[in-house]
Amino acid sequence: MSLLSQLQLLPRAFWVLVGATFVNRFGVFVVPFLTLFITRNGNTAAQAGYAAAAYSLGGFAAAWIGGWMADRLGRNVTMAVSSLAGALCMLTMSQAVDWRVLALLAFITGAINEAGHPASAALVQDIVPPEHRVIAFAVQRFAVNLGWSLGPATAGFLAEHSFFWLFVVDAATSAFFGIIAWLFLPRGRRTPAEHAGWKHAWQSIRANHAFLALFGACVCVAWIFRQTNTTFPLHFERNHLPLHLCGMVLALNGAMICLMEVPLAAGLRHWPVKQVLALGYVLMGGSFLIFLGSGSLTAFVAMMVVFTLGEMSAFSRQQAYSASLAPDDMRGRYVGFLSLAWCAGNTASSAFGMTLYDHHPLILWTLNAALGAVAAVFIAASRKRQTT
């Protein structure tokens, strides 16, 4: 089946979600420059790391709340509430200066903003048949990264003049997504109240060894991925490179994904899942080893190219693989539980990665590579029934 034929089989509601996701992701202006915003307000790099970690820590609450809301209240309701409330939180955070206040507001904002993610992934699982999920998640990531390829470049120029406008645009695009979700997206599958609790989901998850192996791999990968939003821009600035070029290098990630990931997902559709995931994880972690040799602009570009090749190999396939492991009536909670892995990795990476970078950056780059290898071992050693 051709790529065009596969795309034509995806339902209308999916394309509405994709369009709204693009606008929302274009406006993710704050997170890539959050650590710089905090340090430019007179706080240290370590304090900026703690505040950034608080945003990730809020994701723990989001995973539990968002997963339950997605299954019980419906997918579109959860996404709408999360996005509209998150927009207000983002505007409030723009007025803070002290890192402790920023940390508190970042925690609240992270808890609210991230609560919509389980619903989004669960809705794709609801409306797209299993045999088309790899290409569907690749298309969704295309929208995310098309926004990401344009957004950070724009944000980089804005950041050189006023960080406040980063928060304004971020909030406006979140509000837009919330309105579209409320008015134009379906509620999706809903679980009766007596089966919507976390007790039922946990009984299923703890017996699902393949899913637990994926959980462990995601903790490692989350640490690695978070470095692109924390130490990467800080390392860029400390190598005396212009900030607007940092936004453009970050945008290279999204541009590559937009051009290559959907065809790559279609071409690798029948390749073994575990091998593709493991290769992607190794490339993502190993890309940071380039910084052991140089801090030039060329090194930053090369690192981002290798990192993105790994990301494209792993992430759309990872989402479809995760979906295949979740029972139909627990999709929101399974996605929410897997979000906990990302929260754990993101939080540890923000809090300890920034501190480690301040003292031993070379050790940090080596650790990132090692974690990529560990994630690959988790997947390669797991026993599972392949259904994607």
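The values are calculated or read from the model by the stated rules, or taken from the named source; none is laboratory data. Note that the structure is predicted; figures quoted are calculated from it, not measured. For neighbour counting, all protein chains shown are included, and Cβ atoms are generated from backbone atoms with ideal geometry for every residue, glycine included.
Of the residues examined, Gly310 is not one that is under 26 Å from Ala54 (Cα atoms) and modelled with pLDDT of 85 or more.
Annotation note: of Ser56, Ser5, the sole residue that is in a helix (DSSP H, G or I), more than 23 Å from the chain's Cα centre (by Cα) and among the small types (Gly, Ala, Ser) is Ser5. Of all the residues in the stretch 65-76, those that are more than 17 Å from the chain's Cα centre (by Cα), in a helix (DSSP H, G or I) and crowded, with 20+ Cβ neighbours inside 10 Å number 6.
Tell me yes or no: at least one residue of the stretch 144-154 is modelled with pLDDT of 85 or more and among the small types (Gly, Ala, Ser). So far as the stretch 144-154 goes, no, none of its residues is modelled with pLDDT of 85 or more and among the small types (Gly, Ala, Ser).
Gln95 falls short on exactly one of the conditions (1) closer than 21 Å to Pro233 by Cβ; (2) not aliphatic (A, V, I, L, M); (3) not in a helix (DSSP H, G or I), and that condition is (1). The set of residues in the stretch 128-140 being within 16 Å of Val335 (Cβ to Cβ) and crowded, with 20+ Cβ neighbours inside 10 Å consists of Val128, Arg133, Ala136, Phe137, Gln140. List the residue pairs whose Cβ atoms are under 7 Å apart, where the first residue sits in the stretch 272-292 and is within 14 Å of Val305 (Cβ to Cβ), the second is of a type in the set (Val, Ile, Thr) and crowded, with 20+ Cβ neighbours inside 10 Å, and the two are 6 or more positions apart or on different chains. Pairs that qualify, where the first residue is within 14 Å of Val305 (Cβ to Cβ) and the partner is of a type in the set (Val, Ile, Thr) and crowded, with 20+ Cβ neighbours inside 10 Å, are Met284/Val221; Met284/Ile224. Counting only residues that are surrounded by fewer than 23 Cβ atoms within 10 Å (Cβ to Cβ) and either more than 11 Å from Arg226 (Cβ to Cβ) or out of contact with any Phe, Trp or Tyr (no Cβ under 7 Å at 6 or more places or on another chain) (or both), the stretch 343-354 holds 2 of them. When Gly49 is tested against (1) surrounded by fewer than 24 Cβ atoms within 10 Å (Cβ to Cβ); (2) in a helix (DSSP H, G or I); (3) touching a residue at least 40 places away in the same chain (Cβ under 8 Å), just one condition goes unmet, and that condition is (1). Across the stretch 141-162, the qualifying residues are those that are buried (at least 20 other Cβ atoms within 10 Å of the Cβ) and aromatic (Phe, Trp, Tyr), and the one among them that is farthest from the chain's Cα centre (by Cα) is Phe142.
Considering the stretch 302-345, and only residues there that are in contact with a helix residue (DSSP H, G or I) (Cβ under 6 Å, 6 or more places away or on another chain) and of a type in the set (Val, Ile, Thr), the residue that is nearest to Gly254 (Cα to Cα) turns out to be Thr308.
For the stretch 24-46, the candidate set comprises residues that are more than 19 Å from Val81 (Cα to Cα) and assigned to a loop (DSSP other than H, G, I, E, B); within that set, the residue that is farthest from the chain's Cα centre (by Cα) is Gly42.
Among residues of the stretch 263-319 being assigned to a helix (DSSP H, G or I) and among the aromatic types (Phe, Trp, Tyr), the one that is farthest from the chain's Cα centre (by Cα) is Phe291.
All of (1) within 22 Å of Ala48 (Cβ to Cβ); (2) free of Cβ contacts under 8 Å to residues at least 60 places away in the same chain hold for Leu259 with one exception: (1).
Restricting the stretch 92-126 to residues that are more than 20 Å from the chain's Cα centre (by Cα) and farther than 21 Å from Ala351 by Cβ, which is surrounded by the most Cβ atoms within 10 Å (Cβ to Cβ)? Only one residue tops the list, namely Asp126. As a summary of the residue check, Ala52 satisfies the conditions (1) farther than 30 Å from Glu160 by Cβ; (2) in contact with a Lys or Arg (Cβ under 9 Å, 6 or more places away or on another chain) except for the one numbered (1). Somewhere in the stretch 327-346, is a residue more than 28 Å from Ile65 (Cα to Cα) and over 20 Å from the mean Cα position of the chain (by Cα)? Within the stretch 327-346, none of the residues are more than 28 Å from Ile65 (Cα to Cα) and over 20 Å from the mean Cα position of the chain (by Cα).
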